[in-house]
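Below: the structure, in structure tokens.
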Amino acid sequence: MADVAEEKLNFGVNKLILGDNLEILKGIQDETVDLVYLDPPFFSNRNYEVIWGDTGEIRSFQDRWSGGIIHYIDWLKERVEQMHRILKFTGSLFLHCDWHANAYIRVHILDRIFGENNFRNEIVWKRKTGRGETNHKSSQFGTEVDSIYFYTKSKNNYFESQFSFDVEGYDDYVAKFFNKTDANGRKFQTNNLASPSPRPNLMYDYKGYKSPPNGWSISKEVMVQWDKEGRLYFPEKKTGIIRRKQYLDELKGKPIQNLWTDIKMVDGRSNEKIGYPTQKPEALLERIIRCASKEGDIVLDPFVGGGTTIAVADRLNRQWIGIDQSVQAVKVTEFRLQKQTDLFTSPYAVQLHKYDYDTLRYKDAFEFESWIITQLGGTPQNKKGGDKGIDGKHSDGTPIQVKRSDNIGVNVIKNFSVSAKQYDKSLFERNVSANKQVGCIIAFSFGKGAIEETARLRNDESIFIKLVRVDEIIPIAVKSAVGIHINELERGDKGLRKIEFIAQGQSPAGIEFYSWDFNYDKEKGFKASVIINREGRQVLTLKTGSHTIAVKVVDNDGLENMEIIQLKINGVVEKV
């Protein structure tokens with residue numbers, strides 16, 4: 001296998017990874033990430049924290065609660081240590097938490113790892129209003145805020161101030177101060193141009209207007225430029241002081257402080273809702289990502305959850321890495337990405353515990369060769385054609401051949417023994433003399449003839465060719481099967497039909513959930529209309545015409561399959 005440094009160097013971005021974030025974080029190279037946002041499970045020790053309910057999430061939940069608050073802090077701390085290591089010198093971390101453990105997290109984790117001097121803000125997000133109870137009886141005040149701790153790795157962190165028009169009192173402020181209008185109908189207010197402290201070098205008259213007692217706050221050159229641009233306000237009397245025009249249509253809004261009351265939580269009426277109970281609004285992550293990163297920077301979310309961070313980072317042209325121990329979290333995030341994908345979207349990869357046989361078996365041959373050789377720990381040839389049967393090599397120089405096929409025959413073995421000798425004759429002969437492997441062949445399976453020929457070469461000619469099945473390198477599973485049944489429930493006016501769609505999936509691993517595309521277009525790909533559907537049932541009211549419905553089924557290994565059904569409604573409902 002490749003050494004740790006090489007693995008870290010080739011980790012890659014725009015990748016969704018299923019697994020324990022601690023182990024995956026250890027594989028990321030030092031100081032490569034610009035921004036980390038983490039929304040770890042809150043220290044509430046409640047069963048409702050198990051949101052997806054799959055094996056990985058339940059195991060993680062049990063691990064967190066095996067030793068109370070101290071164990072929870074230790075569990076989180078060793079992960080934050082890795083996040084600090086992989087952050088760039090200019091990088092930032094935003095940790096989302098609530099009252100259950102925020103004091104412990106700041107004192108015992110963030111201050112110790114990042115240092116008190118690198119604390120920037122405690123952001124208070126007002127996520128809801130009111131207690132939500134009917135009788136309003138309680139022994140304490142209700143909680144309607146979360147904390148988001150903002151730390152940086154150094155004093156040289158990247159930061160871009162954010163502004164908002166949707167803040168309390170903003171409309172009243174505009175009405176009160178932007179009460180002047182220029183000849184073009186643009187509203188403006190005027191700002192002071194007098195210097196607050198003595199500026200002898202900026203004491204000059206301009207167009208008959210005397211300098212303020214302390215001088216101007218700008219040079220004469222700037223004054224002339226602003227005058228040309230129509231940005232100066234001249235009082236009617238020369239005894240007045242020139243002021244600067246600030247136009248309303250150029251206002252960015254009010255600078256955002258650390259109290260965020262203008263971003264609402266995702267509720268049942270939100271267009272963003274995907275069925276994830278603790279889903280964070282896209283506006284929240286957009287503000288964080290915009291303030292602490294630039295286009296092309298790398299954003300990491302080690303607790304993907306509902307996938308909001310990754311979806312927003314991708315939309316804002318950031319590179320990203322998303323990690324979660326839940327199959328459903330990874331697949332839901334993938335479907336969110338698919339929904340917003342277009343021709344200009346950067347490609348991304350999804351890394352699961354198991355790989356789908358059909359996807360590997362029928363993917364691009366050259367791409368598969370390079371990938372599987374790397375998984376084995378070898379170095380790909382990275383050359384199409386003219387390779388004389390050699391696709392890569394081991395660290396000891398012995399050649400590797402890849403056959404993206406099943407039931408490899410005897411001729412492949414014979415030809416490879418010749419190619420291996422021609423590739424490096426002296427190395428080949430040394431290995432034969434030492435009874436060492438002269439090379440290996442990777443394939444999905446080998447026929448009886450190939451196995452017998454390999455044994456004959458080794459016994460009769462001391463030529464040891466190793467046969468390696470793909471499933472010996474990476475785990476392979478057969479993806480689930482799925483079918484759709486339809487029932488006409490009701491006939492309405494104007495040819496409307498209420499149709500019931502029932503998807504039935506089968507997989508040895510068990511079915512996790514279904515996802516539906518009610519307007520499937522093969523050219524555009526699968527765009528989920530409903531991302532999470534547990535029971536596999538949907539009811540639609542369809543108009544007269546043709547309709548293409550697609551459903552994806554996801555199993556407990558994260559593997560998926562898709563079924564497409566085409567309907568024509570014209571008096572009756574027909575399958576096309």
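Would you compute, from DSSP H runs of 4+ residues alone, the mean residue ellipticity of the chain at 222 nm, taking -39500 (n - 2.57) per run and dividing by the full residue count, rounded to the nearest 500?
Roughly -7500 deg cm²/dmol at 222 nm, from the helical runs in the chain.
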What angle do you read, to the nearest 10 degrees and between 0 and 90, between the alpha-carbon axis of helix 55-64 and the longest principal axis of the chain? 60
On the protein heavy atoms, probe 1.4 angstrom, tell me the percent of accessible surface of region 484-576 carried by carbon and sulfur. 43
As an exercise, use a Förster radius of 51 Å and the Cβ-Cβ distance of Gln566 and Lys388 to find the FRET efficiency, rounded to the nearest 0.05. 0.60
Taking 0.36 nm per residue of separation and subtracting the Cα-Cα distance, what length does fully extending Val573 through Ile473 add? 31.2 nm
In region 193-311, carbon and sulfur make up what percent of the accessible area (probe 1.4 Å)? 51
Please list 272-284, 86-98, 422-434 highest first by mean number of surrounding beta-carbon atoms within 10 Å per residue. 86-98, 272-284, 422-434
What spacing in nm lies between the two simple spin-label points modelled at Arg430 and Asn156, each 7 Å away from Cα in the Cβ direction? 4.6
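Between Val418 and Asp166, what FRET efficiency comes out of the Förster formula 1/(1 + (r/R0)^6) with R0 = 51 Å and r the beta carbon distance, rounded to 0.05?
Values: r = 73 Å, r/R0 = 1.42.
Calculated value: 0.10.
Where does each of 175-184, 500-509, 215-224, 556-565 land if you order them by average Cβ count within 10 Å, highest first? Let's see the in-between values first.
Details: 175-184: 11.1, 500-509: 17.2, 215-224: 14.9, 556-565: 20.2.
Highest to lowest by the protection proxy: 556-565, 500-509, 215-224, 175-184.
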Using 0.36 nm per residue, how much length does the chain from Tyr173 to Asn258 gain when fully extended, once their Cα-Cα distance is taken away? 28.6 nm
Here the percent of antiparallel bridges among DSSP beta bridges lying wholly in the chain, to the nearest 5, is 65
Between [x] 56, 35, 27; [y] 41, 35, 23; [z] 36, 31, 22, which matches semi-axes √(5λ) of the Cα gyration tensor in Å calculated for the structure shown? [x]
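Per 0.36 nm of contour for each residue apart, how much would the distance between Ser197 and Phe89 grow if the chain were fully extended, relative to their Cα-Cα spacing? Could you put the intermediate results ahead of the total?
Values: separation 108, 0.36 × 108 = 38.88 nm, distance 3.74 nm.
Residue separation times 0.36 nm, minus the Cα-Cα distance, leaves 35.1 nm.
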Calculate, for the chain, the solvent-accessible area per residue in square angstrom, rolling a 1.4 angstrom probe over the heavy atoms of the protein chains. 52
To the nearest 10 degrees, the tilt of helix 410-423 (Cα long axis) against the first principal axis of the alpha carbons of the chain is 70
Could you pull out the pairs from Lys15/Lys527; Lys273/Lys568; Lys280/Lys552; Lys15/Lys363 whose alpha carbons sit more than 23 Å apart here? Lys273/Lys568; Lys280/Lys552
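Once you have a ≥ b ≥ c as the square roots of the Cα gyration tensor eigenvalues for region 333-451, tell me rounded if a/c is under 1.5, and otherwise prolate or oblate according to whether a/b is larger than b/c.
prolate
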Packing-ranked peptide list from 238-248, 440-450, highest mean Cβ count within 10 angstrom first, is 440-450, 238-248
Degrees between helix 282-292 axis and first principal axis of the chain (Cα, 0 to 90, nearest 10): 80
Pairwise label distance in nanometres, Arg186 with Lys126, each label 7 Å out on the Cα-Cβ vector: 3.4
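The values are calculated or read from the model by the stated rules, or taken from the named source; none is laboratory data. These figures come from a predicted structure and were not determined experimentally. Cβ sites come from the backbone with ideal geometry, for glycine too, and all protein chains shown count toward neighbours. Side chains are part of the model used for accessible areas, which takes the heavy atoms of the whole protein and leaves out ligands, DNA and RNA. Shrake-Rupley method; radii C 1.70, N 1.55, O 1.52, S 1.80 Å.
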